[in-house]
Structure formats: C-alpha cells, structure tokens
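Encoded as structure tokens, the structure appears first; notes follow it.
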Amino acid sequence: TFGDGRRLDMLLTAEEIAGVERTLLASGLPAAAAPMFKPWVVSLMLAVSDCERRKVQSGKPVLDARIASLAQQAGKSVVGLETIESQLDAMASLPDKTKLDILRAGLKYIDRTDDNMETLLQLYLDRDLGIAWPLQIALAEKVGIGKQAFAEFEQRLVIDRNLRMSETAQPLLDKGGVLIAVGALHLPGEHGLVTLLRKAGYTLTPIE
C-alpha cells in the first residue's frame, strides 16, 4: 500500500480501476485488493502478456529461469548482475506522477499486451532493437501520456541499471568464459551495455 492514507481508487478513474482489477484476477489475485496496490506493482503485472502468464501458470519457467537452470545443470555457477531488490527499488524510486502515468498508459493497452510482446519479439529477431523504446513512447503519446514520464523511467530503469550491470560484469568478463544474458532494452543505444562495454575496452562482435 501507499502507507500515507492514499488508495489507488482515489487516483484513477473507475474505468482504470476496473482494468487494475482485471489485471489482478489474471494474476490470480483478488480484484477487491486493487485499491491497495501501488501503481508500479500493477505496471509490472501489466508488462506480462496473457500468453506468458498462461505458460507460467502451467508450470513452464520464464526465460531467465530456464537459462539459469540449464547453466546449473551444466555445472556452471550463476551470478546476478543485480539483485531483485535493486530492480524493485529502481521502480519504486520513480516520482509518483511518473508511476501513475506509466500505469495509465499500460491500462489503455490492456487488451493488446500479447500484440505488444509479439511486436517486441519480432523486433528482437530482426535485430532492430533500437526502435523498441521509441515504439513504447509513441504508443503512450497516442493515449495522452507525454515523453517526460518515459524519460524518467528510461533513466532509472534502463540507463542507471546499465551502468551498474556494466561495472558488475567487467571483473567477470576479465576471468573469461562468461555468458551474460540481459533484457533486450539493455543492449542498444549510446547508454546500452554494448556501448558501455566497448568504451571500457572490450571487443563486442555480433554473431550472425
């Protein structure tokens, strides 16, 4: 909860709250709890497509867990470039207005989550990652959410985390024999991990 007396139903419209309730139900949570959730928590739930959610509910592991499991089965050690706590702290640290704006944008596309995920997947397969973030901004602007909210999101959730992950990765890379797996949004751009590692003196070559 917010911890200061505010509730989500005080900040969103009835239609938006209904969307939050749908999201909770799809995640196996009671709809009546919707007013008590913080905006960024619901945004994380919205980021999971219905298709992916069904896979998880059927017992299939998410990609991160699958990669970690394969590594462990092969006798490899698994090291995180960041902690779950630091990821959640980054999301929680966003200004309240930004968190609400991002949630509102997600709720506007609540019925298109699978489509959005499939589009991002195809961009990844086509090696066109650079357009993924501008696409999300364009979709938000289409429903009245300005660039500023996503600029703050990008700084704290992408750029700042890239810097931390780059610093953590470098001593591991120096030891050799390392596979690093990160989300696609952390790779492209002047602040992406590829550029940061190249600036640090490493040679990165695409594998075709």
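The values are calculated or read from the model by the stated rules, or taken from the named source; none is laboratory data. Nothing here was measured: the structure is a model prediction, and the numbers come from that model. All Cβ positions, even for glycine, are placed from backbone atoms using ideal geometry, and neighbour counts span all protein chains on display. Only protein heavy atoms, including side chains, enter the accessible area calculation; ligands, DNA and RNA are left aside. Shrake-Rupley method; radii C 1.70, N 1.55, O 1.52, S 1.80 Å.
Need the failing condition index for Glu16 against (1) open to solvent by less than 40 Å² (accessible area, probe 1.4 Å); (2) charged (D, E, K, R); (3) within 22 Å of Val182 (Cα to Cα), just the number.
(3)
Restricted to the stretch 156-207, and to residues that are without any contact (Cβ under 8 Å) to a residue 24 or more places away in the chain and among the acidic types (Asp, Glu), which residue is least open to solvent (accessible area, probe 1.4 Å)?
Taking the candidates together, the pick is Asp174.
Mind counting the residues in the stretch 84-103 that are among the hydrophobic types (A, V, I, L, M, F, W, C), more than 15 Å from Gln155 (Cα to Cα), in contact (Cβ under 8 Å) with a residue 40 or more places away in the chain and out of contact with any Phe, Trp or Tyr (no Cβ under 9 Å at 6 or more places or on another chain)?
1
Looking only at residues that are assigned to a loop (DSSP other than H, G, I, E, B) and in contact (Cβ under 8 Å) with a residue 12 or more places away in the chain in the stretch 42-75, which one is nearest to the chain's Cα centre (by Cα)?
Here the answer is Ala47.
What is the one condition in (1) of a type in the set (A, V, I, L, M); (2) more than 24 Å from Leu25 (Cα to Cα); (3) part of a helix (DSSP H, G or I); (4) open to solvent by less than 50 Å² (accessible area, probe 1.4 Å) that Ile131 does not satisfy?
That leaves (4) as the condition not met.
I'd like the residue in the stretch 94-112 that is out of contact with any helix residue (DSSP H, G or I) (no Cβ under 6 Å at 6 or more places or on another chain) and under 15 Å from Leu139 (Cα atoms) and, out of all such residues, is surrounded by the fewest Cβ atoms within 10 Å (Cβ to Cβ).
Asp111
How many residues are part of a loop (DSSP other than H, G, I, E, B) and either charged (D, E, K, R) or over 21 Å from Arg112 (Cβ atoms) (or both) when one looks only at the stretch 10-35?
Matching residues across the stretch 10-35 total 3.
Applying the selection to the stretch 113-131, what residues are touching a helix residue (DSSP H, G or I) at 6+ places or on another chain (Cβ under 8 Å) and either of a type in the set (D, E, K, R) or at pLDDT 85 or above (or both)?
Of everything in the stretch 113-131, those that are touching a helix residue (DSSP H, G or I) at 6+ places or on another chain (Cβ under 8 Å) and either of a type in the set (D, E, K, R) or at pLDDT 85 or above (or both) turn out to be Thr113, Asp114, Asn116, Met117, Thr119, Leu120, Leu123, Tyr124, Ile131.
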